[in-house]
1. Set the Förster distance to 30 Å, then compute FRET efficiency between R356 and Y403 from the Cβ-Cβ distance, nearest 0.05.
2. Amide H to amide H, which residues 5 or more places from F316 or on other chains are under 5 Å from it, using H placed in the peptide plane?
3. In nm, to one decimal, how far is the S446 label point from the A304 one, both placed 7 Å along Cα→Cβ?
4. Could you work out the local net charge near L124, counting Lys and Arg as +1, Asp and Glu as -1, over the other residues with Cβ closer than 14 Å to its Cβ?
5. When the accessible area of region 97-168 is computed with all protein chains present and a 1.4 Å probe, what percentage of it is carbon and sulfur?
6. Please compute the length gained on full extension between L110 and I286, using 0.36 nm multiplied by the number of residues separating them and subtracting their Cα-Cα distance.
7. Of the peptides 320-330, 305-315, how do they stack up when ordered by the mean number of other Cβ atoms within 10 Å, highest first?
8. Can you pull out the chymotrypsin sites (Phe, Trp or Tyr not before Pro) in region 49-100 that DSSP calls coil and that have at most 12 other Cβ atoms within 10 Å?
Amino acid sequence: MGAKSLDITALWLWLAGIGDGLAVLAAWPLAYGIRSLAPHSLLPLDVYMGFGILSLGCYWGVGWSLGCYRQERRLSAFDELLTALTALGLSMGLVLGAAFFIRSLSLSRLLIVYATVLSSVGILASRGLWRAWLYRCRRRGLGLKDVLWVGHHPALADVVDRLHHCPQLGFRLVGYVAPAPFPIPSDYQDLPFPPWVATPTTWQDYLQQHPNIAEIWFGDPPGAAELWQLQYHSCRPYRLRVVPHGLGVITTHLTLSSLDGIPMLTLQDPPLRQPWNRLQKRLLDIVGSLLGLVVLSPVLLVVAVGVKLSSPGPIFYRQERLSLDGERFWIYKFRSMRVDAEADHQPGWTTADDPRRTRFGKFLRATNLDELPQLWNVLMGDMSLVGPRPERPYFVAQFQQQYPRYLDRHLVKSGMTGWAQIHGWRGDTSIARRTQYDLYYVQHWSLLLDLRILALTFWQTLQGRIWGT
């Protein structure tokens, strides 16, 4: 399967490159035709097509340097499209620079703008179609690279989880090597774990019997230096990847540096502990929440009337939650349950078919409309648009005892939606798994990651998937 996986991935890259080229080339005559609709003196079409070919060459070159056509760079769909558009912008900048030095030609700047916009649309459409084809192949088991895991390591369960739920990553674990079978954690019992294939002294025979294995991933077995030597020398024909011991529980940002040739991992504060990053995020929150409140004001009014008419009681429901550094605040939602939903004053989880919901509340929760008043929380600074979902103090006190790094979620503001929510960990789901995704967000925050989460939240909302709690 390894050879086929490589061929499919390579074919996809070739098809993506051809699609990009056709999109860039086709954009120039289309832009020329659009510009010709208005009275204007234009140079002949072949002059602009010459610049179109130049822009295509620049795009392919810049795109290759940025990783658009390299198999070793596995970009997410969002990052892939962003990289492609960045390459297009840089290539068009090079074309404009070339046109500036050819003073005998007077190019239409508006036509170049049209060509850039049309190229962007074409590239996005082409790459979207080819990536959908690649995802379909991988979900059917095609185009997957077979991977063997070596060593006892708690991260094995996380890796199995990610690869099972994200076949588009392109890998499949076919077995693992360890002195004894790996004890499957209770939260991962529903996952298809790979078989225990051999002991560390005999697993090389397994490799010889399974030539389709393309990569070997090492979990770092502590105190087994002699095993490392044996593994390293016998695995050189394969692509090797290493998951360092303890990496899964580090909640600060890591940077790789060199001290006179000595590789070192440096632990840094989470990105949102830096003032400039906090300012960027706060500006996004203010602009996004204000825009949301203004644009959605008719929806807010209709929902408020619907709540009032559908059941007796207040329109809004408020509840105490914890946010940045454990600060308490009141979160607001449209009321979706009966007034006596917590008559016994015992906190509890809501479920998919919670009988306490009102008829109108079922609709609100199915469409996430009950979460919209939290835009006010965001505007006031209690929450962010994106971040770990805020939890009640009662549950936080419990979870911090059960999950050692749970409180690290509060190194950033709580959010209306988050990295865990768009991956399906919301509501009455595993707290351990949800916390892992929240900690990933804490470690890897960027403004682009926030925009990506917001875009995916909007898409999932259109599909009717719940992203709140």
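1. After rounding, the FRET efficiency stands at 0.65.
2. Residues meeting the criterion, in which the H sits 1.01 Å from N, are R335.
3. Going by the 7 Å Cα→Cβ label model, 4.0 nm.
4. For residues surrounding L124, the net value is -1.
5. So the carbon and sulfur contribution to the accessible surface is 64 percent.
6. In short, 60.0 nm is gained.
7. Final packing ranking: 320-330, 305-315.
8. none
The values are calculated or read from the model by the stated rules, or taken from the named source; none is laboratory data. Given the structure is predicted, the values throughout are model-derived calculations rather than measurements. Neighbour counts are summed over all protein chains in view; Cβ atoms, including those assigned to glycine, are modelled from backbone coordinates with ideal geometry. Keep in mind that these areas ignore ligands, DNA and RNA; they rest on the heavy atoms of the full protein, side chains included. Shrake-Rupley method; radii C 1.70, N 1.55, O 1.52, S 1.80 Å.
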